Amino acid sequence: MSAEADAALAEVTWNLDDLLEGDAADPAAAVTALLDEAEQASEKFAETYEGKVAELDGPGLIVAMTKLADISDRAGRALNYAHLRFAADTADPANGALLQMGSERATAIQTRLLFFELEWAALDDETAEALLVTPGLEFCEHHLRNERRYRDHLLSAPEERIATEMSVTGAGAWSRLFDELTSAIRVDLPEAEEPVSLDIALSHLHDPDREVRKSTAEAITESLEPGLRTRAYVFNTLLQDKAIKDRLRSYPHWLATRNLSNEASDESVQALVEAVKGRYDLARSWYRTKAKLLEVDRLADYDRMAAIATDDVTIEWNEGREIVQSAFDSLAPQAGEVVGRFFEGRWIDAPPAPNKRGGAFSASTVPSAHPYVMLNYTDRRRDVLTLAHELGHGLHQALAAKQGIFHQDTPLTVAETASVFAEELVFGRLLAAEEDPASRLGLLSESVEGQIATIFRQIAMNQFEDRVHTARREEGELSVERFGELWGETQEDLLGDSVEVTEGYRSWWSYVPHFIGSPGYVYAYAYGQLLALSVYRLYEEQGDAIVPGYLEMLSAGGSKSPEQLGALVGVDLSDPSFWDNGLDLVAGQIEAAQAAADQVLQARDKA
């Protein structure tokens with residue numbers, strides 16, 4: 001990276017002051033003031049409505065929900081500020097203290113308002129339905145319907161209050177500890193002057209040089225070892241915490257609560273899992289082709305993401321920004337205008353930094369503010385696609401803000417639609433601009449490997465979670481070795497004989513945050529990827545004709561069910577063949593990449 005490019009990237013940090021409604025020079029005071037206002041409003045709300053929800057008429061319910069929205073907005077501004085500040089620097093004690101204070105006070109507010117959810121769920125169906133059709137209640141109707149789906153899993157009011165109060169020192173505290181532990185991991189790479197963050201080290205697994213990849217993998221494994229037992233203990237504790245909660249709430253299996261929140265039936269999720277597992281051969285086929293390209297008999301786990309192109313294409317921040325902005329502009333002026341605000345309004349934090357949280361995300365925050373995107377941009381071509389991915393989320397969240405706080409966010413199964421669609425848009429531009437056959441193959445391989453990682457690898461991780469949750473409930477506390485065994489088994493189920501799973505790789509489960517903070521989350525990636533690919537295929541076939549429906553889908557946020565949202569763009573999620581159709585698209589992409597690989601191999605043989 002040039003000094004000029006380095007300086008340009010260093011300036012891409014977010015301005016979190018937009019979340020505060022007080023003196024930005026004293027953010028802790030502003031956060032406290034927001035929480036004070038939310039707490040006072042929650043006390044007044046409870047005095048007005050506790051024990052009286054059954055007495056509300058339609059207009060009264062609208063007033064009550066409007067007040068709840070305002071409380072959620074104020075508390076949400078405060079807590080999102082604390083979370084984002086902590087993500088930017090997990091080592092600063094002041095950030096940790098602010099997050100803890102915010103979490104504790106937000107939990108207290110939530111506890112004070114629990115009665116409303118419980119009393120609403122207790123209404124008989126006839127009364128609830130009569131209220132739900134009240135004109136003017138559209139801003140929260142779908143939310144209220146979803147709340148009633150949890151009726152069979154709610155505890156008594158005193159029990160719910162205790163559970164909510166204890167969450168801040170329970171699962172939430174363990175999850176924060178895990179984030180701090182993984183953010184502090186430093187990897188001693190052979191060629192680096194000083195230890196680097198885990199995210200930067202992982203990016204070296206794309207290096208075309210196999211010795212670099214191997215030494216990087218060994219260094220990562222070594223860096224994971226010191227805290228491995230501690231992270232295993234955190235995982236064990238959270239596994240048992242979830243088992244207890246599932247038992248007390250009468251959930252039939254460990255994934256049931258996630259399926260309920262995703263508005264997905266157990267049967268549809270199982271159909272997705274089985275459909276993907278039934279096509280594991282697609283991933284294996286590509287890895288065998290890649291072994292030929294890399295001139296090795298068989299890939300090792302550290303070879304899977306290796307760059308095919310030997311020129312190791314880099315794209316500095318300003319160029320990456322231009323590519324992504326142009327792609328959104330081409331989709332629709334509205335999309336381009338929204339994405340432009342992320343760059344111009346300092347809604348993005350892009351440079352890697354010591355103690356910054358790894359990975360990337362887009363936080364929707366609250367509708368009265370705006371989303372924020374976090375990246376760890378290292379000038380890899382893959383980082384441009386990550387930027388597009390997160391800005392796809394940001395576009396979705398920004399357009400859906402008009403739905404209000406109850407409907408801005410979508411179920412996880414739909415949440416990846418805009419992000420994957422945006423990736424496909426940018427991928428097409430990168431491919432069109434690449435004339436060198438070997439480099440084009442490198443880009444095609446990156447796309448295929450992205451599909452494999454998002455669909456097949458995520459389902460393999462879902463299967464790891466399934467075995468871990470089951471084993472913890474049947475066997476008791478799991479050893480580090482047992483975690484590694486289950487991780488290795490589920491990875492080998494996916495990879496077959498196409499990739500060697502090395503001994504060191506068996507500890508790599510231990511830095512994945514989704515297992516800790518969002519149990520059951522990962523299958524939604526595969527769900528969303530296949531949905532997004534189907535939508536993008538329609539875009540390729542119909543062009544601009546599909547754009548109004550697509551933007552309407554994004555703008556609807558979570559105000560409709562996944563099936564209703566899919567219908568807006570002509571996708572039938574209730575069709576049993578839907579998953580196979582999506583996987584057929586992936587198969588076609590792999591075949592195209594393999595055809596390009598054959599051309600490169602033939603040219604190599606002639607040289």
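Here, each number is a calculation from the coordinates, and none is a lab measurement. Since the model is a prediction, treat every value here as computed from it, not as a measurement. Cβ coordinates were reconstructed from backbone atoms using ideal geometry, including for glycine residues, and neighbour counts include every protein chain displayed.
The alpha carbons of segment 422-523 occupy a box of 56, 28, 19 Å along the principal axes, longest dimension given first. Note on segment 1-79 and segment 528-577: Cα centroid distance 31 Å, given to the nearest whole angstrom. Of 127, 182, the sequence from fewest to most neighbouring Cβ atoms within 10 angstrom is 127, 182. Each residue of segment 234-244 was assigned a 3J(HN,Hα) from its phi angle through the Karplus expression (A = 6.51, B = -1.76, C = 1.60, θ = phi - 60°), giving 4, 5, 4, 4, 6, 4, 6, 4, 5, 4, 5 Hz with x at Gly and Pro. Size descriptors for segment 17-169, from the alpha-carbon set: Rg then Dmax equal 17.1, 53 Å. The alpha carbons of segment 377-451 stretch over 49, 21, 20 Å along the principal axes, in descending order.
Within a straight-line Cα-Cα reach of under 30 Å, residue 242 can be paired with the following lysines, leaving aside sequence neighbours fewer than 8 residues apart in one chain: 277, 356, 560.
About the centre of its Cα atoms, segment 17-169 shows a dipole size close to 200 debye [charges on the beta carbon of Lys, Arg (+1) and Asp, Glu (-1) only; nearest 20 debye]. Of interest is the spacing of the C-alpha centroids, which for segment 218-232 and segment 481-524 amounts to 14 Å. For the chain, the longest principal axis of the Cα atoms and the long axis of helix 58-88 meet at an angle of about 40 degrees. Protection proxy ranking, highest mean first, for peptides 226-239, 473-486: 226-239, 473-486, where packing is the per-residue count of other beta-carbon atoms within 10 Å, averaged.
Once C-alpha pairs closer than 8 Å and six or more residues apart are averaged by separation and normalised to the residue number of segment 480-554, the relative contact order reads 19 percent.
The protection proxy used here, the mean number of other Cβ atoms lying within 10 Å of each residue, ranks peptides 97-104, 525-532 as follows, highest first: 525-532, 97-104. Extent along the principal axes, Cα only, for the chain: 83, 54, 51 Å, with the longest axis given first. Computed from phi, the 3J(HN,Hα) profile of segment 119-129 under the Karplus parametrisation 6.51, -1.76, 1.60 (θ = phi - 60°) reads 5, 5, 5, 7, 5, 6, 4, 5, 5, 4, 5 Hz, with x in place of Gly and Pro. The average projected area of segment 492-592, computed from the convex hull of its Cα atoms over all directions, is 9.2 nm². Think of it as helices only: each DSSP H run of n ≥ 4 in the chain is worth -39500 (n - 2.57), and spread over all residues that comes to -21000 deg cm²/dmol at 222 nm. DSSP bridge analysis restricted to the chain gives an antiparallel fraction near 60%, rounded to the nearest 5. Note that segment 167-178 has calculated 3J(HN,Hα) couplings of 4, 5, 9, x, 4, x, 5, 5, 5, 4, 4, 4 Hz, one per residue in order, obtained from phi through the Karplus relation 6.51 cos²θ - 1.76 cosθ + 1.60 (θ = phi - 60°); glycine and proline are x.
With only the Cα atoms considered, segment 123-232 has a convex hull volume of 206 Å³ per residue.
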